[in-house]
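The structure under discussion appears below in the form of structure tokens.
The values are calculated or read from the model by the stated rules, or taken from the named source; none is laboratory data. Please read all numbers here as calculations on a predicted model, not as lab measurements. Reconstructed Cβ throughout: ideal geometry from the backbone, glycine too, with neighbour counts over all protein chains shown.
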Amino acid sequence: MKSLPARSRHRLHAWVMIVGLSLAVASPVHRYITGPAPDSYPLSWYPMFRSIRRDTLQATYVYGVGEDGTRYKVEYRFWARGGFNQARSQLRQAVKAGKKSAMEKCEQVAKRMKRKRRGWRTKVQTVRIAKGRFDAETYFVQGDHTPLTERVIVECPVLRKTRQKEEAP
Amino acid sequence: MRWIRQAVDRFWCTPVPAARLGWIRVISGGFMMFVLLRGRRSFIRVANSAPDHFRPVGLASYLEAPISPQVYEGLLWATIVLGTAFVLGFWHRFVGPLFAGLLLWVISYRLSWGMIYRVHHLVSLHILILGLVPAASAVSIDAWIMRRHPGRRMLRLGIWPDTPSGPHWRFGWPVQLMCVVTAIVYSLAGLAKVMGPAGWAWGLGNNLRNNVAHDALAKELMTPGGASEWVQLAFASPELMAAAGVLSLVIELCAPLFLFHRRLAQVWVVLALCMHFWIRVLMDLTFTYQTFGFAFASFFAVEAWAMWVGSKGRAMVGMK
């Protein structure tokens with residue numbers, strides 16, 4: 001087989017890459033017509049921009065409750081190994097999968113909380129996973145952080161050894 | 001027909017010096033190396049996650065179950081070694097495709113644990129282009145080998161053959177392709193907004209404001225530092241958010257149109273940088289590759305900047 005001259009070969013290489021890559025990168029555009037599907041990498045259809053957000057915001061989150069009823073914010077590192085968004089997504093998926101998987105997540109947080117020896121974490125007695133609705137303006141402008149409604153999905157105790165000893169007869 | 005061909009050639013095949021592609025390789029490759037080295041612990045930690053979180057994407061899609069974390073760590077280090085050779089421009093003919101392929105796989109696997117971060121998409125596509133073209137004909141060890149040891153066949157084995165010495169269209173089209181890919185990515189983000197349920201109402205600013213608030217609320221509830229202290233700006237004036245909404249749609253949807261003139265394309269880059277700065281302030285969200293301008297190196301004569309910096313540096317050393 002006779003090989004192509006160098007110039008034609010270079011032009012072929014160029015056009016294959018130009019057409020191929022441009023079409024490939026633009027290909028997720030069909031998702032806007034055919035409907036949502038899981039996103040991918042390195043070709044994305046940027047589904048996060050599709051969402052419509054109301055003035056009332058919804059969130060799934062974890063918090064701790066102390067003996068005196070004080071609420072403590074539980075940060076995402078207690079239940080996920082990746083970054084913040086990954087933790088957020090894993091929590092949402094666990095709740096979506098049902099009470100059993102939400103409880104597993106809750107116990108995972110409680111277990112990690114139990115290991116803490118210093119700071120506010122030692123005061124947490126119960127861990128809760130909840131879904132709440134907040135009014136955006138009330139939260140960010142007026143500074144009132146109370147949820148409009150809140151539904152506790154699961155809750156689990158933080159079982160500390162010292163406490164168990166105290167309670168033992 | 002001839003004028004169409006001329007126009008297509010003018011758009012795609014403008015001759016540029018090899019040094020431009022070389023510097024772009026150093027910038028994009030250097031950025032990727034920074035991401036891999038800085039994030040290596042997090043990459044490995046995520047690969048150790050519980051298998052039930054595994055949802056493979058991209059090149060990892062063919063996997064039915066996670067691989068051993070040790071194997072992943074080995075592949076990550078291999079990518080880092082290849083990445084170093086890529087940045088230095090050593091044996092680019094082989095290293096380029098290998099690094100691009102392995103990088104796509106390693107990041108695919110990293111993103112296969114329930115959350116797809118979009119921060120790596122554009123830089124990966126840029127690396128893919130740079131890996132498959134003669135991007136190490138200047139500013140590289142390959143160029144040094146060609147200058148110092150032109151007769152050594154073994155050393156030349158991994159170097160792209162027949163690369164031109166002066167400005168050439170073979171260096172021009174990859175640079176233009178990087179610009180086009182960047183523009184397509186932005187316009188996809190714009191299309192996602194206007195073709196979604198909110199439609200053109202994105203331009204009114206209310207949905208944008210609530211998106212900012214939604215993200216800020218999650219940060220308030222789940223991160224130690226909470227949301228950006230500037231988030232209240234989103235509530236300060238509906239007009240401000242409407243202007244931001246319209247401007248973001250123009251920047252994203254019209255991105256490909258700006259490419260038809262070099263200066264216009266550079267204006268678009270400035271607008272895009274402003275948009276990323278605004279996102280940074282309001283949402284505390286940094287798309288580092290874009291926000292710090294690395295993603296837009298292909299829109300400028302970066303080799304001239306490098307030469308200017310070099311001459312200033314030499315002058316300073318000379319002064320001392």
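May I ask you to verify whether B:PRO66 is within 22 Å of B:PRO161 (Cβ to Cβ) and within 14 Å of chain A (Cβ to nearest Cβ)?
No, not satisfied.
For (1) within 14 Å of another protein chain (Cβ to nearest Cβ); (2) touching a residue at least 12 places away in the same chain (Cβ under 8 Å), each residue gets a yes or a no:
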| residue | (1), (2) |
| --- | --- |
| A:THR60 | yes, yes |
| A:GLY69 | no, no |
| A:ARG88 | yes, yes |
| A:LEU91 | yes, yes |
| A:LYS96 | yes, no |
| A:LYS105 | yes, yes |
| A:ARG118 | no, no |
| A:GLN125 | no, yes |
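Could you check how many residues of region B:266-289 are at pLDDT below 95 and polar (S, T, N, Q)?
Count: 2.
Checking B:ILE159 against (1) outside any helix (DSSP H, G or I); (2) surrounded by fewer than 16 Cβ atoms within 10 Å (Cβ to Cβ), only one condition comes out false. Which one?
(2)
Let's see how each residue does on (1) of a type in the set (Asp, Glu); (2) within 12 Å of chain A (Cβ to nearest Cβ); (3) farther than 21 Å from B:VAL185 by Cα:
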site: B:GLU220; (1), (2), (3): yes, yes, yes
site: B:LEU233; (1), (2), (3): no, yes, yes
site: B:ALA236; (1), (2), (3): no, yes, yes
site: B:PHE258; (1), (2), (3): no, no, no
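Being of a type in the set (Val, Ile, Thr) and more than 9 Å from every other protein chain (Cβ to nearest Cβ) is the filter here; which residues of region A:7-19 pass it?
Selection gives A:VAL16, A:VAL19.
Residues of region B:113-156 being at the interface with chain A (Cβ under 9 Å from one of its Cβ atoms), over 20 Å from B:GLY172 (Cβ atoms) and assigned to a loop (DSSP other than H, G, I, E, B), which ones?
Within region B:113-156, B:TRP113, B:GLY114, B:MET115, B:ILE116, B:TYR117 meet the criteria.
Within region B:271-300, restricting attention to residues that are in contact (Cβ under 8 Å) with a residue 60 or more places away in the chain and outside any helix (DSSP H, G or I), which residue is nearest to B:VAL16 (Cα to Cα)?
Of everything passing the filter in region B:271-300, B:PHE287 is nearest to B:VAL16 (Cα to Cα).
What's the number of the only condition in (1) farther than 30 Å from A:VAL109 by Cα; (2) free of Cβ contacts under 8 Å to residues at least 60 places away in the same chain; (3) among the acidic types (Asp, Glu) that B:GLU303 fails to meet?
(2)
Restricting to region B:1-20, count the residues that are away from chain A (no Cβ under 13 Å), touching a residue at least 60 places away in the same chain (Cβ under 8 Å) and assigned to a helix (DSSP H, G or I).
3
State yes or no: is B:ARG170 under 18 Å from B:ARG93 (Cβ atoms) and outside the structural domain of B:VAL95 (by TED's automatic domain parsing)?
yes
Taking only region A:20-58 into account, find how many residues are of a type outside the set (D, E, K, R) and at pLDDT below 90.
12
If you take the residues of region A:20-56 that are β-branched (Val, Ile, Thr) and at the interface with chain B (Cβ under 10 Å from one of its Cβ atoms), which of them is farthest from B:GLY190 (Cα to Cα)?
A:THR56
Do any residues in region B:195-214 that are more than 8 Å from chain A (Cβ to nearest Cβ) have Cβ atoms under 8 Å from those of residues that are buried (at least 18 other Cβ atoms within 10 Å of the Cβ) and part of a loop (DSSP other than H, G, I, E, B), where the two are at least six apart or on different chains, and which pairs are they?
Cβ pairs passing all conditions: B:VAL212/B:VAL231.
Need the failing condition index for B:GLY190 against (1) within 13 Å of the chain's Cα centre (by Cα); (2) surrounded by fewer than 22 Cβ atoms within 10 Å (Cβ to Cβ), just the number.
It fails just one condition, (1).
Considering only residues that are over 26 Å from the mean Cα position of the chain (by Cα), within 17 Å of B:LEU103 (Cα to Cα) and assigned to a loop (DSSP other than H, G, I, E, B), which ones fall in region B:36-74?
B:LEU63, B:ILE67
Given (1) facing chain B (nearest Cβ under 7 Å); (2) of a type in the set (Phe, Trp, Tyr); (3) under 16 Å from the mean Cα position of the chain (by Cα), identify the lone condition not met by A:TRP79.
Condition not satisfied by A:TRP79: (1).
Determine which member of the set A:LYS111, A:LYS100, A:LYS105 is within 19 Å of the chain's Cα centre (by Cα), exposed (fewer than 15 other Cβ atoms within 10 Å of the Cβ) and in a helix (DSSP H, G or I).
A:LYS100
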